[in-house]
1. What is the Cα centroid distance between the range 134-168 and the range 14-74, reported in whole angstrom?
2. Calculate how steeply helix 215-225 sits against the longest principal axis of the alpha-carbon atoms of the chain, using the helix alpha-carbon long axis, and give the answer as 0 to 90 degrees to the nearest 10.
3. Tell me which of Ala163, Val133, Gly29 sits at the most positive position along the dipole axis of the range 2-165, charges placed on C-beta atoms (Lys, Arg +1; Asp, Glu -1).
4. Assign one of three labels to the range 2-165, namely rounded, prolate or oblate, based on the Cα gyration tensor with a ≥ b ≥ c the square roots of its eigenvalues; rounded applies when a/c is under 1.5, prolate when it is not and a/b is larger than b/c, and oblate otherwise.
5. Lysines near Lys253 by alpha-carbon distance under 16 Å, same-chain residues fewer than 8 away left out - which ones?
6. Under a straight-distance cross-link criterion of Cα-Cα below 30 Å, which lysines are reachable from Lys26, leaving out those fewer than 8 residues away in the same chain?
7. Report in % the part of the accessible area of the chain that belongs to carbon and sulfur, leaving out ligands and nucleic acids; probe 1.4 Å.
8. Per residue, how many Å² of accessible area does the chain show with a 1.4 Å probe?
Amino acid sequence: MLQNIRVVLVNTSHPGNIGGAARAMKNMGLSRLVLVEPQDFPSPEAVARASGASDILDSAQIVATLEEALVGCSQVFGTSARDRRIPWPLLDPRESAKACIEQVQLGAEVALVFGREYAGLTNEELQRCHFHVHIPADPDFSSLNLATAVQVLTYEVRMAWLAAEGLPTKMAKLETTSMLNTQPVTMDELEKFYGQLEATLVDIGFLDPLKPRHLMTRLRRLYGRSGISKLEMNILRGILTETQKTARGEPHKRREP
Ligand code: SAH
């Protein structure tokens with residue numbers, strides 16, 4: 001589906017930006033790059049900046065006009081660093097990504113068009129687009145680097161695509177150790193801990209069993225508040241065991257917590 005979304009770069013001057021755009025696209029799962037009159041391409045600088053996405057550069061289509069770049073597209077999104085250059089349907093990147101995905105779900109092809117580093121897209125070029133897309137940057141410094149702008153739009157396209165496909169946006173792989181790390185301790189484990197804690201405090205002479213005062217109540221309140229995990233409980237129990245050995249003058253068995 002993402003293959004039906006093409007990225008069109010118009011009259012780019014710096015080949016590094018073409019490479020950067022290719023990398024941004026490949027990161028987000030897009031592969032169709034169309035270059036309208038690039039000023040310096042192919043170029044080793046583009047390959048360097050693409051760092052591993054040179055397959056996208058190799059298969060890039062080079063054309064002479066924007067019109068040619070848009071053949072077969074049913075919806076065109078033109079990006080502009082300036083807000084409301086000409087009155088036109090304006091979207092933010094998230095809205096444009098949603099519209100883009102809706103189109104490709106219907107089997108249509110769409111284009112995201114990016115302008116020149118120094119001058120953006122001309123009014124004539126912008127009028128060939130169905131929508132204008134503006135990244136809502138700080139109005140006092142609203143022009144992003146070309147490849148960065150490509151990254152923002154393609155990221156939003158990927159997020160919209162993942163949502164449409166019901167795919168997760170987070171890696172939910174919990175390993176055994178991290179399960180132990182996050183799994184909360186149970187009431188009975190906590191009770192065993194309080195028992196050992198009390199015995200240890202007696203062993204080291206901190207708690208007088210004949211005059212316990214409110215010490216255990218206060219410690220229960222403290223530990224009860226802290227949401228201890230199973231792993232943390234293991235550490236605390238280990239500390240108590242070694243403390244008891246010290247108090248009794250028994251030898252220690254060094255081990256990693
Ligand atoms: N001086 C130019 C800046 C162009 S930046 C101008 O004022 O138009 C190069 C390209 O990056 C733009 O043509 C556009 O495609 C994209 N771009 C940069 N900043 C953007 C922004 N805030 N929103 C949308 N596209 C942006």
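The values are calculated or read from the model by the stated rules, or taken from the named source; none is laboratory data. Since the structure is predicted, the reported quantities are computational estimates derived from the model, not experimental observations. Cβ placement follows ideal geometry from the backbone for every residue including glycine, while neighbour counts extend to all protein chains displayed. These accessible areas exclude ligands, DNA and RNA; they are computed on the full protein's heavy atoms, side chains included. Shrake-Rupley method; radii C 1.70, N 1.55, O 1.52, S 1.80 Å.
1. That distance is 17 Å.
2. Computed tilt is about 20 degrees.
3. Of the listed residues, the answer is Ala163.
4. It comes out rounded by the Cα gyration axes.
5. Leaving aside lysines fewer than 8 places away in the same chain, those within reach of Lys253 are Lys245.
6. Lys98, Lys170, Lys173
7. Carbon and sulfur together cover 54 percent of it.
8. Normalised by residue count, the accessible surface of the chain is 59 Å².
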